[in-house]
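Worksheet for the structure shown next.
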Amino acid sequence: MKAGVSDIAVIGVSERSWMLGAGVQRDLGGIRVLPTTSVVSSTGQHRSDAFAQVNPLRKVPALKDGEFTLAESVAILLYLSRKYKAPDHWYPEDLQARARVDEYLAWQHTALRSSCTRAMWQKMMFPVFLGERVPPETLASTLAELDSCLQLLEDKFLKDQDFLTGPHISVADLVAITELMHPVSAGCQVFKSRPKLAAWYKRVEAAVGEDLFQEAHAVVMKAKDLPPADTAMKEMLKPLVQVLLR
């Protein structure tokens, strides 16, 4: 390990932070990002008092770097890229190139991320994990919204470029691909009728490395195999259910 480089624990399921951290390790050497995937939101462990010591928001992921803790996956990504001076393509120094990455990160929270999360829960997690019926019209509306977001992703961000913000992969691509893998895990054919987006998917996978890509998404791709939630878990998730059925 390089002098002055400390281990970082990324606590919870954070495919983005894991891919960036491992990418930094590959590019620079000597940096170890240690993902702790035992705290998964569907188990409720993130709501425990012990986890609140790391993240008072009681959300995953969270980062612990010595005595320093940090919440929110995008903030964690940018922290990792800045602390370890990751190769410039991840989060460019050029003002306008960085602004393009920031633009996507600002858009995705209430657009692609929202529709991907609701699509996964409504199509798979509610009926399989919670045993809850989702009204067909609710699911149809969510899938239509997801389709609209995918069109914007292609038209506004990807365009005819190799990656979302230009010729090189950036944190914007990591954030986007990890969101898209959520509806994919639920059986949504996100890439089937979108050859441009499918080609981008392959470029992101190749840039990250196929093994690392698959490892990063292993947890979400196995979500369909979770055992049914018990009564206590269903009660705890009631507020989430209300939000995700809107």
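Quick look at the values:
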| quantity | calculated |
| --- | --- |
| Carbon/sulfur fraction of accessible area - segment 67-207, other protein chains in place, 1.4 Å, % | 54 |
| Estimated FRET transfer efficiency (Asp230, Thr138; beta-carbon r; R0 30 Å; 0.05) | 0.75 |
| Theoretical FRET efficiency, 1/(1+(r/R0)^6), r = Cβ-Cβ of Gln189 and Val243, R0 22 Å, to 0.05 | 0.30 |
| Gain upon complete extension [His109, Asp94; 0.36 nm per residue less C-alpha separation] | 3.0 nm |
| FRET efficiency estimate (nearest 0.05) - Cβ-Cβ, Leu152 to Arg82, R0 41 angstrom | 0.90 |
| Trypsin sites (Lys or Arg not before Pro) within segment 126-210: DSSP coil, no more than 13 neighbouring Cβ in 10 Å | Arg133, Lys159, Lys192 |
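The values are calculated or read from the model by the stated rules, or taken from the named source; none is laboratory data. The model shown is predicted, which means the values in this text are computed figures rather than measured ones. Please note: Cβ atoms are built from the backbone with ideal geometry, for glycine as well, and neighbour counts cover all protein chains shown. Accessible surface areas use protein heavy atoms only, side chains included; no ligands, DNA or RNA. Shrake-Rupley method; radii C 1.70, N 1.55, O 1.52, S 1.80 Å.
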